[in-house]
Structures are given as C-alpha cells and as structure tokens.
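Chemist: The structure is given below, and queries will be raised subsequently.
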C-alpha cells in the first residue's frame, strides 16, 4: 500500500522548479578586460535599471524568475542586448562589450557562469547547495545536506543531537566543517549546523576528497563549508517562523543595510529554536524493563528529556566596495544552547536530568581586497576569536524506563526503585564545565601572474586554551595536567587555465605543524615534605602533503574532472583529550592519519533540448586511509577498573588501514521552468585492510565492511511549480523527496542481530508565494509513512512530522 | 520471624516469575522443547577486534556431537561464513552453559546491548535459538559484567563500584582516604530468565587492614556452596603505600595514592547469605596470598565432597587450589593443593581450572620459564598431578589463547579442551579423567588473530 502510494506520488508530481525571486549581477568589460564604468544597465520587461560601478559591476536583486532582456548602454561601448533566464537564486552574468570606436555592432558574447557551476567544474569533487529555496521551507541545514549526493548526515536522534557527517565513507575528524572558511567548532556547540537556519546561509560547498587551499586543514575526507550571506547590496528585512510536530518552534530574522555613498554596510541576523523532540519510537532499540529486569521489546514510547533550545545572533558592520577594501567586516556572534541528553551512544538506557549548556561569544574580522597595492594581488583575511563554554550536569541517581517511570528492582528481597551505580545517569554523578578560548586566523594572498595563471599562499593559525572544571568535586588545579595545542598550516597552490581555457589545473602543497605543550604536575619529597613541581613538555609534530586537480572541457558542456592527494591529518583536540559532554574519553596515544585519495568524474550539462534541460554528474573515488582515526566504543579489558568500561562512552583510536572505493552520481532534469527533478546515489565499499597478526597473517577481518556505517544511499527530489493558483501572480511549489539507506550492520561479522534494516522515507512539501511577493507560506510533511529510521548503533530517528512556516520579506525599507 | 518473611517473599517472587513465564508461550523454561537426546558439545571461538587484539572482537559458537568431537578426521570450520553462530556481543561473549549442554547463557560484553542477558537453546551445529526473555543487567552490573553460573540454573553477576578517591585535601597537606567501594550483586534465575534478587556489599576490610592501605579493586567468580545458602565472591586486593606521599597519575591523568606490591594478606573471599545476599563478611586464607580472580573463566567449584575448591589465581599468577569447608564456610587452612609441588616444578601459573568429579580436575597452566600452554589432570584428594601432552604445548601462541580461555567442557568420563594457538589450527582434545588418557579429537580450523576459547 505504502509502496503503491509512493509510486503514485512519484507519478503525480510533475514538476517544480524555481520559485520567487533572484539576484542578477555581473561585470561589464571590454574584450581587453577593461571595466566599463558608469554604463546604464536595464532589464526588460520591468523597470529595473542601474549603473555599473568603478569596477564595471552591476547588480539587481529581488527580480522575479523569468526571461529578460539585459540592455547595456554607454557612450563608451556599443549597446548590448543579451537574453537572460533568471532561474536561480543568484545569477552571475558577465558581459563583454565592444568599445564604441566605429559604428557597427560586431560581436557580443555573453559569458554566463553561476558560482555553483564555476566551482563544480573547477576540478575539485564538489557539490554546491543553494539554500534560497530551502530557507522558505521547514528544512534544517542538516536535512538539506543529507539530500546531497555523497553526503550522509548521521544524527543520534532528533534536532540538537550529536551529528556526524559522512562524505563517501569518510567521516569524523577526516571531514572539515567550516563556516566561511573557519572551523565551525570555533563558534562553539551552540552555533552549528543543527541551528543555523538556511536563511542565514548563502550556499554550502561540499568538497569530497581534495580541498582547495582556502580550506586546507587536517582533513582528507573532504569538507563542508557553509558560506553565510554576505551580500549587502540592498536593504531588506526577512522574518520567518515555523511550528510543527514534537513541539518544534523555529524562527529567524535577518536584516541588511547599505549606505551607497559611504559603502557602510551592516547585517544582523538571529535565530531561535525550541523543540521537545518528543517523537515516538517503536523499534527494537526501545525497551521496557520490569522489576525482574526482563526486557520487553520492541516497546512503544515517547521520547522525553530531549528538549533542545537554542538562541543566537550575528551582527556585522563594515564597508563594502570602498577604495581600501572590497569587503571589511567586524562581527560579533553570540549563541546559547540548552540540550537535554536522552540517552548514551545507544538507546539501551534512557536518561533523565542529564543535560548540557553551551555558550559562545565570538568576535570576527573579515577583510577582502582585490588589486591590493598592485593589480592582480588579492588579500583575504578571516580571523575569529571565541570564548566558548560547555556545562554538563548529570545528578539523577535512579534508572528510568522508556515510559518515563523509574525502573524497579528486587533488592534484598524487596521491590525498590533501581539506583544507578555511579549516582548519575551515565555512570558517576557529574557537574562540569569546560571553557575554551580559541583563536583561528586564515589568510590568503593570491596573485594573478598573467591571465589564467594564479598563485596563492595560505596560512592558517589556530590555538586553543582549554580549562576543565569539575564543579561537583572541585579539584586542586595545581594537580591538573594542562595542555595547549597550537597549529600552523601553510599551503600554496598554483591554478592555471590553459588550452583556450579548456584545461584548468590546480597544484596544491600543504605543510602542517602542531605544537602541543603539556604541563604535568610531579611530586618531589624534600625533608619529608611533599611538594609539587610542574614538568613542561612540548611536543612538535609536522607533516607535508600535496595534491592536484584537473578539469578538462572535452566538448561543449562536458567536463572531465579529476583530483588526487597524499596527506596526513593530525588528531584534533577532541580526539586527543576527549570530550565528556558527548561521552568521549581521552586517548593521548593517537597518531596522525595518512590518506591517499583519488577522484575521477564527469559533468555534462546543463544541456537544453527545447523545453527540456538535463545535467548529469558522475564520479568514482578511491580513498586509502592508514591509521584511520575512528570513534570506537571503549574497550573494557585493557582497562583494569571495570567501572570505566562502558558502552556509553567512546574514544578515538587509530583503526589500522581502510579503503573506500565507490561511485556517486546525480541526474538533474528540468522541464520548462516548472519541473525540477534530481536523483542521486552514492555507493561505496568501506573495507577494513588492517594489519597482520603475530604470525604475519592478514587480519581475520581483512576486507570486511567497516561496521556501523551506511554505504548505499539514494535521494530523489522533485519540485513542481504552479503559477496563479488561487490568486493571479501567485506561485505555488510542490516538493517530494525520498531517501533510501541500504541495510548495514553495527558489529563485525555482520550477524543478523546487528542489522540496521533498509530505510526508506518520503517527504512532501508545498510552498505558496502570495501575489505581493512578500509573504511565502509553506507546509512540510516529513517521513510521510512513519517509516522506522535508524542511525548510529540503532538509535531511532523521528517518525512522521508536520511543520508549517511563514516567511515575510520587506525589501528596500530605507 | 524475619527469616520467615524473607522466605515468603522469595517464594512470592519465584511464583511471580514462574507465572509470568508460563503465561507466555515463547518462554519455555526447563520443560522446553524437544531434543533427540544428542549431547551437543558447543565450541566457542573468538575473533580479533579491529585493533588487532586477538580474540577481542566477537564470539562464534558451533555445536558438534561427542562422536565428531572424538574424531581427529572431523574438521570444525567455525569461522567459515554461515557456520559459526554469532553470539550477541560486540566484544568477546561471556558464555556459560547448562550442565547438559542444552542451553547457553551469555551476557553481552560491551556494544549496543552491553549488559543484556540472552539464553540460547542448542540445536546442533550453528543452530542456536534465543530462548525466553532478555534481561537488562546493565544498570546493576555495568555493560561489561562479570558473572558466572554459580550453580546449576543459577547465575550470579557481581560488580565493584563507587570506590572513593584515595586522597582528600590539597597537596602538600593531602590526607589518605580509604577507597572503600561497593560490590553489587544480582541473582539470575537461568530457568525463567529473571533477576530475582540483588544486593550491595559495602566493602569493609576492617580498620586494621584498611589502616595498612589494603583495599578491594575488583569482584569476580561468584559460586554457591553445596547447600546453596552461601555465596562466595572472589575479590582483588591491592595495597596503597601509606609511607609514600607522592601521588601517582593514573589513567586519564587523575592522581591517586601510590600503591605497593608488598602484601602480607592471604587470599580474600567475600561471603554473603544466599539468596538474601545479606550478612557480608570476608574470609581470608592463610596458605595463599594470590587473589582468586579469574579473567574470563570460572575458577571455583563445589566438589563432589561438598567443599568448594578455589584456584587462587588471577591471570596465571597463582599455583594453588584452596578449599572452603562445607560445614564452616571458612577456608580450610589445613588444605593446600600446590600445582608446583604436584608437578615437581616451581613456575606454574593456573590459567583455567575445572573441577570434574571425585576430586579430579583439569588445569590449564603456563610457565614462567617455558613458552607455551600446558594441561594437567589434578587429583585434589591425593595432591598429585598428571601432565597431559599435547601437540601445541610448546607454542607461545597457545599461551595467548589461554589468556582468554573460558570453559573446559565435561560430560561423563570425558573432558573436552579446545586447543588452538592464536591464529593457528588446533584440535579438540578429549581426556578420559578416569583412565587419565588424552586423545586428539576433532580438528579445529582457526582464523587469523583468533582462538577457540571454550567447550560446553
């Protein structure tokens, strides 16, 4: 029945595409590259008109999607009339115009390249997600990512629960998470992809494998770079609010202001998220345990102790397009989160009263200038300093059942409430706070040697000061081992466009240097009196990596892209020192991970056949990891004290050798600006290639699939646009999305009992833009058929949910 | 009066358990399904974890007939896909079995369901069917529980918890604080799959011993006496060096009081009443000073004569077998079985011990001065031992396998010992304990980093 319905839905949904309004911008130059200043640029039909600035740039915003004639006139040039189809959030349209020397109009070439397209054909294995559409709907940034080719978002439950990103089989620390090129962890656990609304985001870049130099770091699996909105070319105010299942309330607000004369710009945005995550689970992970400790499963229960509350604001002020800077912003970012922790790594035992609070104050500086001092020299600096803290409390000493009642036990012959062993929900009773001060600076100096040849130099510096406090049993700080990690990464790359711009190559080198200073207390006995001496040790580790990307435009619209790298990654602070808030123990013996990666892919399109437009992408990847850093449940036997051994805690280990080989692909079909359908898939074998035993034989698990990681996913997204529904000039979009995750096992050897079953979900959505263009209303039904969804260690995810959202935009309010 | 009330309560609990079991037709209990009378011998084997630690990954089970067991031409390929049954447990399973080999009992050791008890009906080869309800012991015993079959149909799990920090105050004015701690216990009804009683011992070694820095760090190998009214729990003892005021960094950097290996205290066993789990007290041997802790195997048994025989050994550190008297429930300090003396050597360390019948037992031992792992039949009444020669005894990889050995099988006149040096093929050895003959039985095909760890 469900299958039938879904097929019907698939057939029914015939289209959707783009909605609403977009921005059009570009540069007008002469064939020699000289900007055309002060040209009049107008759009027909409509009455929009503007002038090019001193760099030849022009921009329009808030233009309804559709077909236009772009008309550029100036005394300097011959009039240009170019046809543009605005069908995306931001369209970049560069125009080359002939100087007005003679009187004849000879040739006009219109070069169209969106930022998305430009990046995706650059040679890197990259997917660019535009968020404009999603920001009007009830979609979280994580959901958006999860639908992207080759990306699997692994979340331990509902909104706010711990997230890990898997890019083609690589996950954890191998994957970098950036916010405008700065590690997102700098912003604290209170400002992350769980709560940053798509409305604050310009686009998300997902790099698989090789990273461009402005994102270099200790990452070999790739990176997710969230580019926040920067455009301040017009004044506007947006407001959005949504409410839905599990008492989920989300709202965000954004405003931009620019004074054209002085170039002074300001942006402010904020968000608030609240959810009870009170969804029902009914899979085999949900249990009821009676007083004889007998387990009933599956059991049907509503989750509790899972409230997530997050509030944040981001304020930026500065100048754009002034003589001394293309962009200069000073920013302040504040965020606070309250997060109840409903269970440990698994759902075996529900928690009551375990929660954490995060807070972060972040100051940032962004500077960008092209043609600094000399032509062709560009400088970009992103600097962030944050003060973040994490508070964790767990002081409830009774064990609970999934129905929310206290478990019982027979103790000394009497039926009594079941006490936990350590006085907390997860072992020992705990109240702790960790404060971190992080400075993270990334600078990029680029120089265009000649047209099509560019070198750039990148430097990244990061240092973390960490202060752990046990608030329940305050300890003497004199006896605490203090560690500090400073990281410098220097990278350089050389980009070239040759063979008539058909070949784009990029060579990258990277040098990483980590300095860890540890101050450890030592005891000395003098004259029978014990004193403390601190022994400071500094360890230094460095490594060198290199990589290259190639993109070749074989025939029109067909690109072959390839990339490869050989790199090492150092363990990060969390991996080395652990993180109690998410149950991770320290492991100071971690070694760097070494990786050799290759990607080879094709991009074709978009190609138009009348009203049909098609684009196809496919890529194969081969990743070899050595001493791979993987999160693993803590092993009890090497620990003598059994009380330390607990499934609820994990730590990072070097997992020998792994190999992931696989393919991913995506087909996008657009019909007449009405229907937009995308299907993508990713399938890979992530195999254990680990070491030899004492006898020199291959490890017994050799070539087995690494457990607890999904390795086959398919996503389908269909959007259909209807005009003039109910009212003239209105636009209605219908959305249908399916997600498929193939079965996988959570332990080695793939025994039947550890199987996470195949998952298949359907989501439906609709948005409606009222004729005035200011108000957009949307409704989304997620997991329409209430399918059983799982992730890490069989933690069940939400069933069906219904969400409503209203967006309101005021443009040009000043 | 009080005693009577307690008994009534237990009766009520048992009745409740039985009733709740009977009301579900999927809970067979002892009167369960058909069997054709075959005495299946279950073999278990452990494969490595992804760190490469031998035998630490998970556990497979495979049941063969006594005929196959005795046949050296019969091959057991437990690791071949589809052969061995994967017992639920992320790490090496801690398996116990009924005396007739018909049921396996396991508490999952770590993993998503760490601490969950499962019972399996043995139906030959890789056919194991889960039987009855699962039990969640995790809160009481942790997710990596130490438990044993303390008597037929009765399991007991123990867990040492809540030790205090070993010092208070700020350095240099810090003071010693005795860690104390608690032992949590759970009685498991293996017939009806239920935890019928739990209890807590507040560890107290007495002011004198505690004042010398002696403290408990682990509890293990619970066994019931013949009358089933006393429970004996082995404990691990360590000693803080009270003369040394320099704290030592332990795991994770936390500081604790320095310890010393100097020990002037005999083997300690905790005794509580069963099934009430009340009235804890310690008994201390005067003939041995090694802890009676096991690692993954059981080391204390009720003998045919009703006394408890206890191998005082932790990970091969001891060579004595002690006796706890059936009438006093105290150590019989006039009794001391010394494996070294019986074998006329001086470096034996007992790795596994099984009391079979009539004073005869089997030990697996390693030696300090020789590589490999060895077998001997011991006569606990006559203080003699008979070494049993195997093909693999000089192989150091067999010592590695001994480190994780779980169970020596016994049925009738025969003892079954699977011997596989880690990562190498081996054999199931069959010992006739009456004639003291050892014969090579079924061939055991092994996997890399793996070993066979038990026969049931």
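The values are calculated or read from the model by the stated rules, or taken from the named source; none is laboratory data. No experiment lies behind these values; they were computed from the predicted model shown. Cβ: placed from backbone, ideal geometry, glycine included. Neighbour counts: every protein chain shown.
Chemist: For segment B:51-86: of the residues being crowded, with 17+ Cβ neighbours inside 10 Å and touching a helix residue (DSSP H, G or I) at 6+ places or on another chain (Cβ under 9 Å), which is farthest from residue B:156 (Cα to Cα)?
Modeler: Looking at residues that are crowded, with 17+ Cβ neighbours inside 10 Å and touching a helix residue (DSSP H, G or I) at 6+ places or on another chain (Cβ under 9 Å), I get B:76.
Chemist: Need the failing condition index for residue B:143 against (1) modelled with pLDDT of 90 or more; (2) within 17 Å of residue B:296 (Cβ to Cβ), just the number.
Modeler: Only one criterion is unmet by residue B:143, namely (1).
Chemist: Report, by residue number, each residue of segment A:420-461 that is in contact with a helix residue (DSSP H, G or I) (Cβ under 8 Å, 6 or more places away or on another chain) and either within 14 Å of another protein chain (Cβ to nearest Cβ) or at pLDDT below 90 (or both).
Modeler: Across segment A:420-461, the qualifying residues are A:420, A:421, A:422, A:427, A:430, A:432, A:434.
Chemist: Within segment A:402-417, count every residue that is touching a residue at least 24 places away in the same chain (Cβ under 8 Å) and within 10 Å of chain B (Cβ to nearest Cβ).
Modeler: Going residue by residue through segment A:402-417, those that are touching a residue at least 24 places away in the same chain (Cβ under 8 Å) are A:402-404, A:407-410, A:415.
Of the ones still in play, those that are also within 10 Å of chain B (Cβ to nearest Cβ) are A:407, A:409-410, A:415.
Of the residues in that region, 4 qualify.
Chemist: Just checking, which of A:632, A:659 is within 9 Å of another protein chain (Cβ to nearest Cβ), modelled with pLDDT of 65 or more and part of a strand (DSSP E or B)?
Modeler: Just one listed residue meets the conditions, A:632.
Chemist: Can I ask one more? With the condition kept exactly as written, say whether any residue in segment A:318-329 is surrounded by fewer than 19 Cβ atoms within 10 Å (Cβ to Cβ) and either outside any strand (DSSP E or B) or within 14 Å of chain B (Cβ to nearest Cβ) (or both).
Modeler: Yes - at least one qualifying residue is present in segment A:318-329.
Chemist: Restricting attention to segment A:222-264, report how many residues are outside any strand (DSSP E or B) and in contact with a helix residue (DSSP H, G or I) (Cβ under 7 Å, 6 or more places away or on another chain).
Modeler: 1
Chemist: Let me ask another. Of these, A:179, A:136, which one is surrounded by 24 or more Cβ atoms within 10 Å (Cβ to Cβ), at pLDDT 80 or above, touching a strand residue (DSSP E or B) at 6+ places or on another chain (Cβ under 6 Å) and farther than 23 Å from residue A:570 by Cα?
Modeler: On the way: A:179 fails: farther than 23 Å from residue A:570 by Cα.
Being surrounded by 24 or more Cβ atoms within 10 Å (Cβ to Cβ), at pLDDT 80 or above, touching a strand residue (DSSP E or B) at 6+ places or on another chain (Cβ under 6 Å) and farther than 23 Å from residue A:570 by Cα holds for just one of A:179, A:136, which is A:136.
Chemist: Counting only residues that are at pLDDT below 85, farther than 25 Å from residue A:540 by Cβ and surrounded by 16 or more Cβ atoms within 10 Å (Cβ to Cβ), how many does segment A:490-518 have?
Modeler: 0
Chemist: With the condition kept exactly as written, say whether any residue in segment A:472-492 is farther than 26 Å from residue A:187 by Cβ and part of a strand (DSSP E or B).
Modeler: Checked segment A:472-492: at least one residue is farther than 26 Å from residue A:187 by Cβ and part of a strand (DSSP E or B).
Chemist: Here's something else I'd like to know. Go through segment B:289-315 and count every residue that is closer than 19 Å to residue B:212 by Cα and buried (at least 23 other Cβ atoms within 10 Å of the Cβ).
Modeler: 1
Chemist: Right, residue A:352: within 23 Å of the chain's Cα centre (by Cα) and modelled with pLDDT of 90 or more or not?
Modeler: Working: within 23 Å of the chain's Cα centre (by Cα): no; modelled with pLDDT of 90 or more: yes.
In short, no.
Chemist: Exactly one of these conditions fails for residue B:56: (1) more than 25 Å from residue A:407 (Cα to Cα); (2) facing chain A (nearest Cβ under 7 Å); (3) at pLDDT 90 or above. Give me its number.
Modeler: Looking at each condition in turn, residue B:56 falls short on (3).
Chemist: Given the conditions (1) modelled with pLDDT under 95; (2) touching a helix residue (DSSP H, G or I) at 6+ places or on another chain (Cβ under 9 Å); (3) crowded, with 18+ Cβ neighbours inside 10 Å, and given that residue B:400 satisfies all but one, which numbered condition is not satisfied?
Modeler: (2)
Chemist: Going residue by residue through segment A:550-564, is there one that turns out to be surrounded by 16 or more Cβ atoms within 10 Å (Cβ to Cβ), within 14 Å of another protein chain (Cβ to nearest Cβ) and either touching a strand residue (DSSP E or B) at 6+ places or on another chain (Cβ under 6 Å) or within 30 Å of residue A:189 (Cα to Cα) (or both)?
Modeler: Checking segment A:550-564: not a single residue is surrounded by 16 or more Cβ atoms within 10 Å (Cβ to Cβ), within 14 Å of another protein chain (Cβ to nearest Cβ) and either touching a strand residue (DSSP E or B) at 6+ places or on another chain (Cβ under 6 Å) or within 30 Å of residue A:189 (Cα to Cα) (or both).
Chemist: Something else now. Would you mind telling me which numbered condition in (1) modelled with pLDDT of 95 or more; (2) surrounded by fewer than 22 Cβ atoms within 10 Å (Cβ to Cβ); (3) within 23 Å of residue B:285 (Cα to Cα); (4) touching a strand residue (DSSP E or B) at 6+ places or on another chain (Cβ under 9 Å) residue B:183 fails?
Modeler: (2)
Chemist: If you don't mind, another one. Among the candidates A:741, A:731, which residue alone is more than 18 Å from residue A:139 (Cα to Cα), touching a residue at least 60 places away in the same chain (Cβ under 8 Å), in the same structural domain as residue A:677 (by TED's automatic domain parsing) and within 24 Å of the chain's Cα centre (by Cα)?
Modeler: Numbers: A:731 fails: within 24 Å of the chain's Cα centre (by Cα).
Only one candidate qualifies: A:741.
Chemist: Kindly indicate which of B:132, B:157, B:114 is assigned to a strand (DSSP E or B) and in contact with a helix residue (DSSP H, G or I) (Cβ under 9 Å, 6 or more places away or on another chain). Step through it out loud before you land on a result.
Modeler: Values: B:132 fails: assigned to a strand (DSSP E or B); B:114 fails: assigned to a strand (DSSP E or B).
Within the list B:132, B:157, B:114, the selection yields B:157.
Chemist: If you don't mind, there's one more thing I want to ask. Restricting segment A:519-530 to residues that are loosely packed, with under 14 Cβ neighbours inside 10 Å and under 25 Å from residue A:482 (Cβ atoms), which is farthest from the other protein chains (Cβ to nearest Cβ)?
Modeler: The residue in question is A:526.
Chemist: Within segment B:430-456, track down each residue that is more than 14 Å from chain A (Cβ to nearest Cβ) and in a loop (DSSP other than H, G, I, E, B).
Modeler: B:433, B:434, B:435, B:436, B:456
Chemist: Pick from A:392, A:379, A:373: which is more than 10 Å from every other protein chain (Cβ to nearest Cβ) and not in a strand (DSSP E or B)?
Modeler: A:373
Chemist: From the residues in segment A:533-549 that are over 24 Å from residue A:618 (Cα atoms) and crowded, with 16+ Cβ neighbours inside 10 Å, which one is nearest to the other protein chains (Cβ to nearest Cβ)?
Modeler: If we take residues in segment A:533-549 being over 24 Å from residue A:618 (Cα atoms) and crowded, with 16+ Cβ neighbours inside 10 Å, then A:543 is nearest to the other protein chains (Cβ to nearest Cβ).
Let's see how each residue does on (1) touching a residue at least 12 places away in the same chain (Cβ under 8 Å); (2) under 20 Å from the mean Cα position of the chain (by Cα); (3) within 11 Å of chain A (Cβ to nearest Cβ); (4) under 30 Å from residue B:135 (Cβ atoms):
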site: B:198; (1), (2), (3), (4): yes, yes, yes, yes
site: B:202; (1), (2), (3), (4): yes, no, no, yes
site: B:213; (1), (2), (3), (4): yes, no, no, no
site: B:220; (1), (2), (3), (4): yes, yes, yes, yes
site: B:224; (1), (2), (3), (4): yes, yes, no, yes
site: B:236; (1), (2), (3), (4): yes, yes, yes, yes
site: B:244; (1), (2), (3), (4): yes, no, yes, no
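Chemist: How many residues, within segment B:256-296, are away from every other protein chain (no Cβ under 14 Å) and either touching a helix residue (DSSP H, G or I) at 6+ places or on another chain (Cβ under 8 Å) or in a loop (DSSP other than H, G, I, E, B) (or both)? Give the steps one after another, and end with the answer.
Modeler: Step one: of segment B:256-296, the residues away from every other protein chain (no Cβ under 14 Å) are B:260-271, B:281-290, B:292.
So of that shortlist, the ones also either touching a helix residue (DSSP H, G or I) at 6+ places or on another chain (Cβ under 8 Å) or in a loop (DSSP other than H, G, I, E, B) (or both) come out as B:261-267, B:285-290, B:292.
Within segment B:256-296, residues that are away from every other protein chain (no Cβ under 14 Å) and either touching a helix residue (DSSP H, G or I) at 6+ places or on another chain (Cβ under 8 Å) or in a loop (DSSP other than H, G, I, E, B) (or both) number 14.
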